[in-house]
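The values are calculated or read from the model by the stated rules, or taken from the named source; none is laboratory data. Computed from a predicted structure; not experimentally measured. When we count neighbours, we look across all protein chains shown, and the Cβ atoms used for this are built from the backbone with ideal geometry, even at glycine. For accessibility, only protein heavy atoms count, side chains too; no ligands or nucleic acids. Shrake-Rupley method; radii C 1.70, N 1.55, O 1.52, S 1.80 Å.
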Amino acid sequence: MTGLLGFISFLSRRVVTACVQLLIVATVVFSVMRVMPGDPVMLLLGTETNPSPETVAAMRHQLNLDRPFLEQYSDWLGRVVHFDFGNSLTNNFPVADYVADALPRTLELALAAIIVGTLIGVPLGIAAALHRGRWLDSALTSLATLGISVPVYILGSLLIVVFSLRLGWLPASGYTDIGRNAVEHFRRLSMPAFTLGFGLAASIARMTRASMLEILGRDFVRALRAKGISERMVIWKHVLRNAAIPVVTIIGLQLGNLMGGTVLVEALFNWPGLATRLVNAVQNRNYPLVQGSILVIAALFIAINMGVELLYGVIDPRIRRRRS
Amino acid sequence: MMRRHVAFLHRPDLGLWIPAVLLGVVFLVALFGPMLAPYNPDEINHLAVLQAGSLAHPLGTDEFGRDLLSRLLTGIRPTMAVAFGSTALAAVGGVTLGLLAGFWGNLPEILVMRTCDILLSFPPILLALLVVGFWPSGIATLTITIGLIYVPHFARVAHAATIGVVYQEFVEAERAMGAGAGRLLLRDVLPNILSSLVVQATLTVAAAILLESGLSFLGLGIKPPTASWGQMIGIARGYLAQNPMYTFWPSLCLAVTVLAINLLGDRLRDILDPQTI
Amino acid sequence: MRTSFKTILLAATFSLTALAPAWAAKTLYFGLSVEPSTLEASVQAGTAARTVRLAIHRGLLNYGVDGKLSSELAQSYSVSPDGKEYTFILRKASFHDGEPVTAEDVKATFAWLLGPNSRATYKGELGVIDSIEVVDPQTVRFHLKNVFVPFPHYLALAESAILPKAWLEKNGTNPNAAPVGAGPFQFVTWSRGREIVLKKFPGYYKAGKPGVDELHFQFTTDDDTRVNAIRTGDVDIIEYVPWKDLPALKKDKNIRIESTSGPFMMLQFNTHFEPFSKPEVRQAVSYAINRAVVIDTAFNGAGTPLYGLPFVKGAPGYNPALENYFSYNPAKAKELLAKAGYPNGFKARLLATAQYGYHMNTAIAVKSELAKVGIDADLDLPDWAGRMAKNNAGNYDFVVAGTAGDITDPDWLSNFYYGGKQLVRMNNSPYFDDPEINRLLDAGRVTLDETARAKIYDEFAKRALELSPFAYIMWRDQSYAVRSNVSGFTNLPGFLSFQSGYSLENVTLK
C-alpha cells in the first residue's frame, strides 16, 4: 500500500518536473527565435525585389508579428496547452501536420537503429564474455571503444564511399515513400540505420559483456553446472535471461543519445525527419515551426527519460526509495 | 586494486601510455602545427583543385587547391581550443556549483540540482543548435555554449562527492572547530573528488570534440576559410565522389584523437576510480 | 565464411534492385531545390515556386522557349502610336474550373495585383497602369500613366499570370487557397515538406499539350540528394545542378545537361563605406580579381569571366568594345588604390552566406584575390535569412550577390542602378544615386524609337563602368539535368533560365 502511494507520489513529482522542463524549453525557444537576426516577413515577400514599407507592415500585421512580445508569447503558450502549435509562417499549414509528417520518419530511423544495434551488439557482447581474456574478447572490446569514438558522420561518409560510390549497391542519400516503392524505401533506410545503430551496438556490446560476466560469476550458475546441466542450457536459458535486464535499460538510456544522433545522420543522408525539417525551419525563420518541432523533440526526450527511470524503479525498488 | 597500482609502477602500462603518447602528439601538433605546415593553409591555387596525393601535396588538395596537409595541421587548433576551453569552463563552473550546493543544502541545492536535471534532459546537439544556429559562431561562442552544456555533469559529480564527504565525521569535527566553508571545501572535499573529476574531464573533452566537430559538420561551427576538422569533413562530404581522400584524412585524425581520449579515460577510470563502472 | 557472407549480401542487394517496379508511364517527377514558400501568383518567391506556377498559370504573354515574348492568353496585341495604350485580343481559352478566360478576368487580376492588400512583387513596375478598359469579352485595353516601353515584358513575367475573377473574389486574400489558372497543369495536392502534385489540364488551349498526365514536384533541398535522385531515376528532371557534379553527370549516359549562361555573380558596394565611396577603389576591386580563380574554385570551371557589364550579345547597350573594359591587372588595381589614398590597402567587411556553397566559395576566392592588392576582406557568413536581413538594411561594406535581370528588356538595369527615394535595396549598391545614370534610365523607359534607345543604353554603359557601383565577376552556368527518356524540356536562354518551367508543357516521356 505504501509502496503504491510512494510510486504515485514519485510519478506525479516526475510529471510535474517534466511539465516545468517543457515550460522552460518553450520559453527559451520562443525568446531565442525573436532575438535572432533575420526577418521572416522579408523572406516571405520574395527575395528578388524590394517590397515597400507599407507592404511589409501589412504582412507583419497579418502574421501577428507586430504585437508585443509578451502578448505573442502568452497567446502561443495558451494554444500549445491545447496541442495547437499554430500555423507555419511560410504557407499557413498547421505546424502539427508538419510534425506529424516528419516525426514518424525520425522514429522509424531510431527504431531501425535500435534493431541494428541490438542485432549486432548483443551477439558480440555474448561472444566477448564467453571468450573472456582471449584474443576475440580484446578484439571485440577494442572494436566497441572504436565504435563509440567514431562520429556518426564519419562512419556514414565511409559507408557512402564503399557502398554507393565504389560498389554502387545503395543510393547515397534520399528518401522514397514506402507507398511509392517499398523496396527502395528500405534500401534507403539501411545505411542511415546502420550508421546510427553502430555506435549503439558498441554500447550494447559493452553492457552485454559486463552483465554476462557478472551473472556467470554467481553461485547459482556454479550450482547449475554442478548439477550436470549442459553448458548450452546454462548459458542460453539461465545466464542470458538474467543478463538481459541491464541491457534493456542501456538501450532505453541510449534512446536519448539516439535522438541527438539523428540530427547528424538525417543531415548526412537527407532523411526527411524532424531534425532536417527543424534545420530548414530555422533557415526560414519559421518561428511556429521551430518552436513546435523543438517542443515535440523535447517532450519526446523527457518522456523517454521518464520512462527509463520508471522502468528502473520497477526493476530495482531501491532506486525508487532513494529517489523519494 | 593494490596489485593494479603496483603493476602500474613496475612496468609500462600500454593501455595508458599508448593513448597518452598519441594525445601528446596531438598537443604538439596543435602547438606547432602552423610551423610544420608546408603551405599557407589558406593559399588558393585554382589550377590544382581536388588533387589526389602527390609529392607537392602529400595528402592532396581541396576544392580551392589548398594543401590538405597544411589545413589538417592548422585545423586542429580551433577544435582543441574549443574542447579544452569548454571543459575548463564546465569544470570550474560545475565544480563550484556542485560544491556549494552540496555544502549548503536546502534551497540552493534544490535550485542548482534541478536546473542541472533540466539541462541534462536535453540532447546536447539540440541545445547547441539553438544557440550556435542563431548567433554568429566562432571559437568564443562555441566554447561558452559547449562549456555551459557540460556544467551539469561536473556539478553532479562534485555534488555527490561533497554530500558524501560533508557528512563524514572528520568534516563535522572540523566544522565544529570553526573551519571556514571555503577552507573546508578546498582542503577536505576537493582532493577527495579530484580523481572523479579527472575522469569526468577526459570524457568531457571527448564529448566536446565530437560536439564541436558535429556543429562544424552542419556548417554551424568554425566559419571558413579558417579550417577545423569537423568543418573540413562537412565540406568534403560534397566532394566524396571527386576526391574521397579529402574526407578520409580529417576523419582519420578526428577518430584517432577521440579514440585516444576515450582509451585514456577508460584506463584512468580503472586506475583512479575503481569503484565506479 | 567471409566470402559466403559477401555473396549473400550481394545476392540480396541485386534481388532488391530487380524488384523495383517501373514508374507509371506518364508521370514526370521534378526535383526542386527547395519547397516553395508560397504559390501566390503575384509573388516572386524564387525559382522553385516559379517553376510550379509556370506549370499552373499563363499570362497574356509569357517568355517562350526561344526567349522571345510569346502570345499566350492574348492572341495578339497592339500599341497606340503615343505608346500609352495597349490593346489585347484574347484567344479562346478556359481556366481549370471550366470557365472561359475573359477580359473581365484580366481586369480583375490586375485590379487585385495593384490593390491595397496586394503583395505583388512587381507592383511598382505595373503601377504604370492607369486604368483597364473591357472593350468586349475578348478585348481588353490598358491605359498607361506614361510611356513605358518595357511594359509587355513585365506582363510576360510569371508573376503577371491571369486568374479567374470569381476565384479572386473568393480567395484573393487567402494566400493558401488551391491555385486555379489557365495553364497546362491543374493543382491536385501539396503534401507539406514532400511534394506538390499537378495533373494534366485537358482543356488547355494548346492542342495536344501537355504531354504528361501527372507532374510531381519533389523537394530535394540538399544538393547531393538531388543529384543522387536524378542518377537513380527517382526524379526525371532536377534544377540547380551543383557545379561540382556537372562533369560526372555529363558522363552519365542516361542523363543530359541543359545549360544556360545567364545568371551572374557580382559584388555590390556600400557607397557610404568610405573607401568604396570612391569610384577608383571600386574599379580597383574589378581589376584585382582574377575571374578564373573564382570560376575554377567556386564553380568547378563552369562559368565565363565577366570583365564588363552583364549585357547579352545583341541587347540594347551591348558594346563589344566595352566587353573587356576591365582585365585582371593587380598592378593597375594597386595604382588606383594608391591614387585614391589607400596605398597600403584597407579592411572591409564582405557579406555572403554560408547556406549556399557557391556564395560562400565566391567570397572565399574574392577574399584571397583582394588580399594580394592589400584589401583585407573580413568574411561575414550568416545563413541566407541573416544575410538577407543585412542586405536589405545595407548593413555591409560589400556583398556577394548572384542574380539575373528580371526581364530581357534593358530596363532591368533600373532595379540595380536607379537612385531615387529608396536608396537601400536588395539589388542596388546602397546610397548610390547618380543623376546622370537616373536620367539615362528614365529616358530609356520612355524612348520608343529603337535606335535612339540603343544609343541611350550605350551612353549608360560607359557611365556605369566609369562609376562601377558593382564589380561583375562571372556568368555562371545554370543547369538542369534531364533523364534521357524525357524530351521537350528547355532551359530558357540567358536571364530567363529561372522561367524554364514554361517549357514543362512540351515535355513528353518515352
Burial of 20 Å² or greater, the stretch C:184-203 residues [accessible area, probe 1.4 Å, versus chain by itself]
C:190, C:192, C:193, C:194
With +1 on each Lys and Arg Cβ and -1 on each Asp and Glu Cβ, and nothing else charged, work out how big the dipole of the protein assembly as shown is about its Cα centre, in Debye to the nearest 20.
3600
Taking the Cα centroid of the stretch C:133-170 and of the stretch C:392-453, what is the distance between the two, rounded to the nearest whole Å?
25
Convex hull volume per residue for chain A, taking Cα atoms only, in Å³
195
Taking alpha-carbon centroids only, the stretch A:221-281 lies from the stretch C:489-510 a number of Å equal to 52
Contact order relative to length of the stretch C:371-510, as percent, for alpha carbon pairs under 8 angstrom and 6 or more apart:
17
Using a 10 Å cut-off on Cβ atoms, rank the peptides B:204-217, A:175-188, B:253-266 from the highest mean neighbour count down.
B:204-217, B:253-266, A:175-188
Estimated D of the stretch C:365-434 in µm² per second, where Rh is the Kirkwood radius over Cα pairs and Stokes-Einstein applies at 37 °C, 0.692 mPa s:
237
Please average, across the residues of B:215-226, the number of beta carbons from any other chain that are within 10 Å of each residue's own beta carbon, and give a whole number.
4
For peptide A:150-163, what's the mean number of Cβ atoms from other chains within 10 Å of each residue's Cβ?
6
Say the cut-off is 19 Å between C-alpha atoms; which of C:123/C:462; C:107/C:145; C:26/C:200; C:107/C:170; C:107/C:165 go over it?
C:123/C:462
Solvent-accessible area, 1.4 Å probe, carbon plus sulfur percent, for the stretch C:263-476
51
From Cα pairs below 8 angstrom and at least 6 apart in sequence, can you work out the relative contact order of the stretch A:28-180, rounded to a whole percent?
8
Probe 1.4 Å, accessible area per residue of the stretch C:167-230, Å²
39
At 20 °C and 1.002 mPa s, the Stokes-Einstein diffusion coefficient in µm²/s for the stretch C:149-220, with hydrodynamic radius from the Kirkwood sum on alpha carbon pairs, is 151
Keeping all protein chains in the complex and leaving out DNA, RNA and ligands, what accessible area do you get for residue A:81 with a 1.4 Å probe, in Å² to the nearest 10?
100
How large is the helix-only mean residue ellipticity at 222 nm for chain C, computed as the sum of -39500 (n - 2.57) over DSSP H runs with n ≥ 4, divided by its residue count, in deg cm²/dmol to the nearest 500?
-9500 deg cm²/dmol
Hey, if we sort B:61, C:232, C:490 by accessible area with the 1.4 Å probe, largest down, what's the order?
C:232, C:490, B:61
Would you kindly calculate the translational diffusion coefficient of the stretch A:60-109, applying Stokes-Einstein with the Kirkwood radius from alpha carbon pairs, for 4 °C and a viscosity of 1.567 mPa s, and quote it in µm² s⁻¹ without decimals?
105
How much of the accessible area of the stretch A:95-323, probe 1.4 Å, is carbon plus sulfur, in whole percent?
65
How big is the gap, in Å, between the Cα center of the stretch B:15-40 and the Cα center of the stretch C:258-276?
43
What does the convex hull of the alpha-carbon atoms of the protein assembly as shown project to on average, in nm²?
51.4
Average Cα contact separation per residue, chain C, under 8 Å, 6 or more apart, as relative contact order %:
20
Low-density loop trypsin sites (Lys or Arg not before Pro), the stretch C:212-264, at most 15 other Cβ within 10 Å, DSSP non-H/G/I/E/B, are C:253
Hydrodynamic radius by Kirkwood, which averages 1/r over all alpha carbon pairs of the stretch C:263-476, in angstrom:
17.3
Using the C-alpha gyration tensor of the stretch B:69-276, what are the square roots of 5 times its eigenvalues, in whole angstrom, with the largest one first?
39, 18, 12
So which GluC sites (Glu not before Pro) in the stretch A:213-308 pass both tests, a DSSP loop state and at most 13 other Cβ atoms within 10 Å of the Cβ?
none
Between residue C:450 and residue C:89, take the C-beta separation as r, use R0 = 25 Å, and let me know the FRET efficiency to the nearest 0.05.
0.55
Förster radius 60 Å - calculated FRET efficiency between residue C:178 and residue A:132, Cβ distance, rounded to 0.05:
0.35
Mind checking A:258-270 for the average number of partner chain beta-carbons within 10 Å of each residue's beta-carbon?
5
Eigenvalues of the Cα gyration tensor times 5, then square-rooted: what semi-axes does that give for chain C, in whole angstrom, largest first?
38, 35, 19
Give the accessible surface of the stretch B:69-276 per residue, rounded to a whole number of Å², with probe radius 1.4 Å and ligands, DNA and RNA excluded.
37
Ratio of Rg to Rh for the stretch A:219-278, alpha carbon only, Kirkwood?
1.39
If you plug each phi of the stretch C:70-82 into the Karplus form 6.51 cos²θ - 1.76 cosθ + 1.60 with θ = phi - 60°, what whole-Hz ³J(HN,Hα) values come out, in order, with x for Gly and Pro?
10, 6, 10, 5, 8, 6, 7, 8, 9, 10, 5, x, 7
Kindly tabulate the residues in the stretch B:42-86 with an accessible-area decrease of at least 40 Å² between the chain alone and the assembly of all protein chains, using a probe of 1.4 Å.
B:44, B:46, B:64
Where B meets A: accessible area buried, both sides, 1.4 Å probe, Å²
3100
Taking every pair of distinct Cα atoms and averaging 1/r, then inverting, what Kirkwood hydrodynamic radius in Å comes out for the stretch C:187-281?
17.4
